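Okay, structure first, notes after.
What follows draws every value from the coordinates through simple rules; no lab data is involved. These figures come from a predicted structure and were not determined experimentally. Please note: Cβ atoms are built from the backbone with ideal geometry, for glycine as well, and neighbour counts cover all protein chains shown.
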Amino acid sequence: MNVFSVGLAMLAACCNGASNVLERKANLQMRTRQALSLRLTWRLLHNGLWLLGLATVTTSFVLQAAALSAGTLAAVQPIIVLELPITLIVGSRVLCARLRPPEWLAIAALPGEHVALLVGVEPRTGTPAAAPPANTWLVGVPATGGLVVGLVLVGRGADGSVRAALFGAAAGIQFGMTAALMKGMTQTLRHGIVGPLTTWQTYAMMVSGIAGMVLVQNALQAGPLIAAQPGITLLDPVTAIVWGVLGFHEQVNSGWWLAMAGAGIVAMSLGAVLLARAPVMAAQAGEAAARACSLPPSPKTEQPASAR
């Protein structure tokens, strides 16, 4: 794997983690629970914290694009998942919520789970000069988009945790396709700065990224994060790996090596569920912590002399 692309992907994960905390704090100020609410989007666009989070996630997109231009989809996207422990660590400071030993253990185990996934898959570039043919895009984009739309339509008819889980899964798949479009866009950089401006993948990537962010916001509002986070965290790299292998002809291991990769994915799933249960991620605890952070310290009251 390209060390340069890995470093850029880690920086992108850090920006995503910071953005998650800012958006989480902004969402705590919202009271609507409507599915795919335009009112929610409009209110968030007038929230300074959310706009700062948007600027941070935009920086992450730039770093991710640079990482994908130097590395493979199957290697870069699993690293982006590191945003989850980064979100917890930063959020515990911003939202004044202490991490417990089980959460620290899950955070410490995540690098090993990533190593198991990446070593098991061992992504390698197949034909770096060849972009996916037109028929791959014509089949792959509608198929992936149709899966996202299907999850959203089913989610609209559900409530609570089920809705949050379905919206979260849709967001994860959407971000995986966004990464594929971003990879396609970066392949036009060989034609200079004008290349990305003249390819349809650039504009499709922007639309896809915005759709993913809207889905995340609605997943956060639909129900508990423990329901939404696994889909967001895991289906992003899984979708990207599928696109990397089928669309960009990236080579991966087979046979028993995939068992190691599967074990890494299962461990990451369990870790994501455990981390999503952290008080800093829970809605009620988050609101209480946010209020506690904003309140001045209580003044000490003098005891009457008779009580001393």
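Could you tell me the center-to-center distance, by alpha carbons, between segment 55-93 and segment 166-189 in angstrom?
After rounding, the separation between the Cα centres reads 13 Å.
Taking segment 3-290 on its own, what percent of its Cα-Cα pair distances exceed 35 Å? Don't skip to the end; give the middle numbers.
Values: 5588 of 41328 pairs.
Here the tail beyond 35 Å accounts for 14 percent of pairs.
May I ask you to compute the full-extension gain from Thr59 to His46, defined as 0.36 nm times their residue separation minus their alpha-carbon distance, rounded to one decimal in nm?
Numbers: separation 13, 0.36 × 13 = 4.68 nm, distance 2.01 nm.
Net length gain for the segment: 2.7 nm.
For segment 37-189, what is the per residue volume of the convex hull drawn over the alpha-carbon atoms, in cubic angstrom? Show your work: numbers first, answer last.
Numbers: hull volume 25.2 nm³, N = 153.
In segment 37-189, the Cα hull volume divided by residue count equals 165 Å³.
Per-residue HN-Hα couplings for segment 77-83, Karplus 6.51 cos²θ - 1.76 cosθ + 1.60 at θ = phi - 60°, whole Hz, x for Gly and Pro?
Values per residue, Gly and Pro as x: 5, x, 5, 4, 4, 4, 4 Hz.
With just the Cα atoms of segment 165-270, tell me how far they stretch along each of the three principal axes, in Å, largest first.
43, 40, 15
Quick one: net charge around Ala240, please, counting Lys, Arg +1 and Asp, Glu -1 for every other residue with C-beta under 13 Å from its C-beta.
Local net charge: -1.
For segment 44-52, just list the computed ³J(HN,Hα) in residue order, Karplus coefficients 6.51, -1.76 and 1.60, θ = phi - 60°, integers in Hz, with x standing in for Gly and Pro.
5, 5, 9, 9, x, 4, 5, 5, 5
Is the C-alpha gyration tensor of segment 114-238 telling us rounded, prolate or oblate? Criteria: a/c under 1.5 is rounded; beyond that, a/b larger than b/c is prolate, otherwise oblate.
prolate
Once phi is turned into θ = phi - 60°, what whole-Hz ³J(HN,Hα) does the Karplus curve with 6.51, -1.76 and 1.60 give for every residue of segment 11-26, x standing for Gly and Pro?
Working through the residues one at a time gives 5, 4, 5, 4, 5, 4, x, 4, 5, 4, 5, 5, 5, 5, 5, 5 Hz.
Highest mean first, what order results for 265-277, 47-59 on Cβ atoms within 10 Å? Let's see the in-between values first.
Details: 265-277: 18.7, 47-59: 17.1.
Those peptides, ordered most packed to least, come out 265-277, 47-59.
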